Amino acid sequence: MELREHQREALAAIEAAAAAGEQRMTVVAACGSGKTLVAQQAAQRLAGQGSGWC
């Protein structure tokens with residue numbers, strides 16, 4: 001499934017925060033905007049890097 005622009009921006013922000021060493025992040029978005037999909041993509045990408053974050 002392809003992410004929408006606002007979802008790609010949220011994912012990029014999550015990845016940047018993880019790269020900066022942040023351990024806790026909050027994504028604030030409207031109901032139905034795809035937060036679960038963004039979280040799934042973030043977990044997959046960060047765990048796939050072996051970052052120890054997830």
Completion exercise
Carbon and sulfur atoms account, in whole percent of the 1.4 Å probe accessible area of the chain, for 52 percent
Exercise for the section: Largest first and to the nearest Å, give the Cα extent of the chain along each principal axis. Expected result: 29, 21, 15
Fill in the blank from the handout: Toy charge model, Lys and Arg Cβ at +1, Asp and Glu Cβ at -1: the chain dipole around Cα centroid in debye, rounded to 20, equals 120 debye
Practice task
Work from the charge dipole of the chain (Cβ charges, +1 for Lys and Arg, -1 for Asp and Glu, about the Cα centre) and give the residue of Q41, A12, C31 farthest towards its positive end.
Solution key: C31
Practice task
Tell me what the chain gives for mean residue ellipticity at 222 nm when only DSSP H runs of n ≥ 4 count, each as -39,500 (n - 2.57), the sum divided by the residue total, rounded to 500 deg cm²/dmol.
Solution key: -17500 deg cm²/dmol
Exercise for the section: Return the distance in nm (one decimal) between the two label points of a simple spin-label model at A39 and R24, each offset 7 Å from Cα along Cα→Cβ. Expected result: 1.6 nm
Exercise for the section: Quote to one decimal, in nm, the extra length available between C31 and A12 on full extension: 0.36 nm per residue of separation minus the C-alpha distance between them. Expected result: 4.8 nm
Handout entry: Relative contact order for the chain, counting Cα pairs under 8 Å that sit 6 or more residues apart, in percent
Key = 39 percent
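The values are calculated or read from the model by the stated rules, or taken from the named source; none is laboratory data. Please read these numbers as outputs of a predicted model, since none were measured by experiment. All Cβ positions, even for glycine, are placed from backbone atoms using ideal geometry, and neighbour counts span all protein chains on display. Each accessible area value is taken on the protein alone, full model and side chains, heavy atoms only, with ligands, DNA and RNA left out. Shrake-Rupley method; radii C 1.70, N 1.55, O 1.52, S 1.80 Å.
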